[in-house]
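Below is one structure, written out as structure tokens; comments come after it.
What follows is calculated from the coordinates using simple rules that are stated; it is not laboratory data. Keep in mind that this is a model prediction, so the values were computed, not measured. Quick reminder, even Gly has a Cβ in these numbers, built from the backbone with ideal geometry, and neighbours come from all protein chains shown.
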């Protein structure tokens, strides 16, 4: 057996897809299984033999899997014997197994290594499929879109798992909560939602003028201030208009009306705006304000951003379905879009927050219910969490209610907000659960968040 032999392929293919692998990660996975048999089961649930790029690693992995099923002891010596029995052993094999064990002093990070191997394999397969599609006579755009769709759906598949597997995943999830959770920036709302988590679709629904765009921007900024990279899709406004809102929020003594009229003449206000702009520039946020927003386009943008942690879509009703998936009516089309967003959240392993319009039959002062979502009852089904905003006082636009109407991993309940339209900011006032638990009143003076330089995590 030749160590690390690569099957011959056309030069272009080798350059574009076959060479995208991590030999170190592959050897670390093999080495971990050789020095610690206890990790074998977890590794077998994390990767498959064909996820490995190096042929030798595929053969060793397959041998270990066969031994595990047969309940045979697994270590460097027994695996070597198994390979010899299969006619796959040579002096080079022995040296390779020793090398894998020597470079892996501990198996503690084996699942991290396995994750690298799996993602590299997925990328190779995807790139190869795209190259093959582009080489055909079919419409390249349609062919690539179909591949993206199939890839998203394939992520929904899974393996048959035992109770032990479920407990292992649960413990892993619990231990990693601090790293994966993204908060909205509002303590009372976060206490109810229990965070925005990878793979979740979260809807923020409201009638026009109730602040859903402002709430989405608050979530974007809160995540970015924690050092989380965010892609913000602003289909309703230009990026510059969103920028004006952020400047109004951050600049002392400056309102939205002043910025709409133009840069203030007062030198102090100029300085305040400039300071706010300098501060906002540090936030890891990407905006897209292009027309014809589709799930495929969002996916394309997301894959081009390193270490993306969240996507915010403002708003769902302005998105369009894929050309090959046009539905007979808008209800079905929006349902399909929400399904694809849910799949995309799962594929990218990040939360996706999407603003949604409420039905015209819902008054802006009525507390919305789940059936209040406009155009599609499927929106509620695809979302893990649903948040509604409404005006609690017909004569006062500053009083906004926020109800968590659906929360698969937490409570439901209401949060009362003060909304400052001149600064486009929300301030929490009070909270009540649906079980009529005692109200936690902040008795806050309505205020906006002041500009504090140097508070962005990661600086």
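Could you list the square roots of 5 times each eigenvalue of the Cα gyration tensor of region 56-123, that is, the equivalent ellipsoid semi-axes, sorted largest first and rounded to whole Å? Please list the in-between numbers first.
On the way: eigenvalues 88, 41, 35 Å².
Computed over region 56-123, the values are 21, 14, 13 Å.
If one computes P(r) from the Cα atoms of region 245-380, what percent of pairs lie at distances over 22 Å?
Numbers: 5008 of 9180 pairs.
Summing the P(r) of region 245-380 above 22 Å gives 55 percent of all pairs.
Residues in region 237-264, backbone N under 15 Å from the label point at residue 281 (7 Å along the Cα-to-beta-carbon vector): list them, ranges by number please.
Residues 247 qualify, since their backbone N sits under 15 Å from the label point.
Based on the Cα gyration tensor of region 177-433, what are the three equivalent ellipsoid semi-axes, each the root of five times an eigenvalue, rounded to whole Å and given largest first?
Numbers: eigenvalues 150, 97, 68 Å².
They are 27, 22, 18 Å, listed largest first.
Would you mind getting me the FRET efficiency between residue 103 and residue 58? Use the beta-carbon distance for r and R0 = 25 Å, nearest 0.05. Intermediate values should be presented prior to the final figure.
Values: r = 19 Å, r/R0 = 0.74.
Computed FRET efficiency for residue 103 and residue 58: 0.85.
Based on alpha-carbon centroids, what's the gap between region 276-292 and region 31-103 in Å, whole number please?
48 Å
Given an 8 Å cut-off on Cα distances and at least 6 residues of separation, report the relative contact order of region 177-433 as a percent. Write down the numbers at each step before the final one.
Working: 525 pairs, mean separation 70.3, N = 257.
Dividing the mean separation by the residue count of region 177-433 yields 27 percent.
Once the Cβ-Cβ distance between residue 119 and residue 167 is put in as r, and R0 is 35 Å, what FRET efficiency do you end up with, to the nearest 0.05?
With R0 = 35 Å, the Cβ-Cβ based efficiency is 0.90.
Eigenvalues of the Cα gyration tensor times 5, then square-rooted: what semi-axes does that give for region 170-316, in whole angstrom, largest first?
So the three semi-axes of region 170-316 are 29, 18, 15 Å.
Based on the alpha-carbon gyration tensor of region 21-105 and its eigenvalue square roots a ≥ b ≥ c, which shape applies: rounded if a/c is under 1.5, prolate if not and a/b is larger than b/c, or oblate?
Values: a/c = 1.25, a/b = 1.03, b/c = 1.21.
Rounded shape, in that the Cα axes give a/c under 1.5.
When only Cα pairs under 8 Å and 6 or more residues apart are kept, what is the percent relative contact order across region 11-135?
Reported relative contact order: 45 percent.
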